[in-house]
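Shown next, in structure tokens, is the structure this report addresses.
The values are calculated or read from the model by the stated rules, or taken from the named source; none is laboratory data. Note that this is a predicted model, so its numbers are computed, not measured. For neighbour counting, all protein chains shown are included, and Cβ atoms are generated from backbone atoms with ideal geometry for every residue, glycine included. Please note that ligands, DNA and RNA were not included when accessible areas were found on the heavy atoms of the full protein model with its side chains. Shrake-Rupley method; radii C 1.70, N 1.55, O 1.52, S 1.80 Å.
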Amino acid sequence: MSETKSSKRAPMDLATSTKSYLFEACKRLDFDEQTFRLLAEPSREVRVELPLRCDDGRIEIYSGYRVQHHNARGPYKGGLRYHPTVDPAEVRGLACLMSLKTAVVRVPFGGAKGGINCDPHRLTQRELEAITRAFVEKIHRNVGVNIDVPAPDVGTNAQIMAWFHDEFAKIYGYSPGVVTGKPLIIGGCEGREEATGRGVAIVIQEYAKHRAEPLEDKQVVIEGFGNVGRHAARLLGEMGLKIIAVSDSKGAILNENGLDLDELGTHKDSTGSVAGFSGAQDITPDELLKLPCDYLVPAALDGTIDAATAKKIKAKVVVEGANGPVTFDADPILKDKNIAVLPDVLASSGGVIVSYFEWVQNLQQLPWEHELVVQRLNEKLGKACQHVFAVATGQECTFREAAYHIAVQEIKDAIWAAGF
Ligand code: NAD
């Protein structure tokens, strides 16, 4: 396979990074150019214009996207992101990552991603509902229980999934499996909201087991205190690790003796940020990434650990709770510094695993207890970790290289098995 533009080292937006990681994986597996293209290019991209009448009478026009990467292993699956930076390239990269993630953890889905380039914090509840329903009206032919199943991501939540489900049901009738991450009362799954954060905690636990190291009192730094970061902090705290620093889009805080997470939660809920928490000192988000610690968990947006930042990282292990936080050109720098990276396709897969459980329960109309969800998540993710660790050991490669190796081979085999 000849070198392509994707293997160049800059610029490192998410789509370029993901394609570059994919290219390296295909090269190691000795796949030809056509196979790489089949794996790299999405099978469908949809873009729709969404006019919104705001509460004050103004008309705002947003763009909505859905990129379907591949469905050889099952229906397309992936989150919906509401964020001002959402654009086709970002959604394309995230869709590809979803295909890899579902393959690494062996859930019967392909990969997709979507979103709207709005700032949900500046929209009222009525406006959010209106734009979500308008999005469904425009893309309903491209989604469905056995076609493409969205879920929450940055800036979206269970309420938005409920509106999505309701608008879809107006056209096709009761179809709870069209979207996951719904509220429990309308077919959601116990433990779905915390699932990605729980997945981060499980992957750290499995890594410690693999290294025969204790977890007690290990120091953790978390970038991002939203759905993933906050649940990961709570669950890691319950497992005996010490969360010493966290950040959000408004600031960062540090307490080397460990943060009181209950008090921090109350502070965040009442002020909207972790900044200014009385039980810690304020630091800059940049300082946070460079703190010495055992586990650094980037759980905010993609690309926050680029080559320049990677040179200054002092963590022993980076655990990618977010999608694509370490860029392709930062990865070898971390490797050279002997910093292990537990990659996003493994470490942030708890959400899609529990989304799969939700989909199964919706198909069967048979809800599971919370305990069963947690038990099955532990089993599924535990097995995926052991597989990745074994391939990494056997091939003397990084965990990311091992995970990509597993995923790329799996997707290629499915495409070939289905035929053309
Ligand atoms: P969220 O919107 O709930 O939280 C994001 C958090 O990141 C917020 O606290 C925000 O303030 C913070 N943040 C934004 N920019 C920041 C910056 N520059 N520095 C520090 N903090 C910053 O989103 P989420 O659902 O927690 O998703 C976070 C990441 O995890 C994303 O990459 C997402 O794609 C990924 N992910 C989410 C899920 C899920 O189930 N929600 C599943 C898999 C992967």
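The criterion of being in the same structural domain as Ala208 (by TED's automatic domain parsing), surrounded by fewer than 19 Cβ atoms within 10 Å (Cβ to Cβ) and modelled with pLDDT of 95 or more holds for Asp282.
Name the residues in region 180-189 that are within 16 Å of the ligand (Cβ to nearest atom) and surrounded by 19 or more Cβ atoms within 10 Å (Cβ to Cβ), would you? Those that are within 16 Å of the ligand (Cβ to nearest atom) and surrounded by 19 or more Cβ atoms within 10 Å (Cβ to Cβ): Thr180, Gly181, Lys182, Gly188, Cys189. Counting the residues of region 1-12 that are modelled with pLDDT of 50 or more and surrounded by 18 or more Cβ atoms within 10 Å (Cβ to Cβ) gives 1. Checking each residue in region 74-87 for being buried (at least 24 other Cβ atoms within 10 Å of the Cβ) and more than 10 Å from the ligand (Cβ to nearest atom) picks out Tyr76, Lys77, Leu80, Val86. Taking Asp302 as the residue in question, decide whether it is closer than 21 Å to Thr196 by Cα, near the ligand (Cβ under 9 Å from one of its atoms) and touching a helix residue (DSSP H, G or I) at 6+ places or on another chain (Cβ under 6 Å). So Asp302 passes the test. Considering only residues that are open to solvent by less than 30 Å² (accessible area, probe 1.4 Å) and more than 20 Å from Val317 (Cβ to Cβ), which ones fall in region 375-405? Within region 375-405, just Leu377 meets the criteria.
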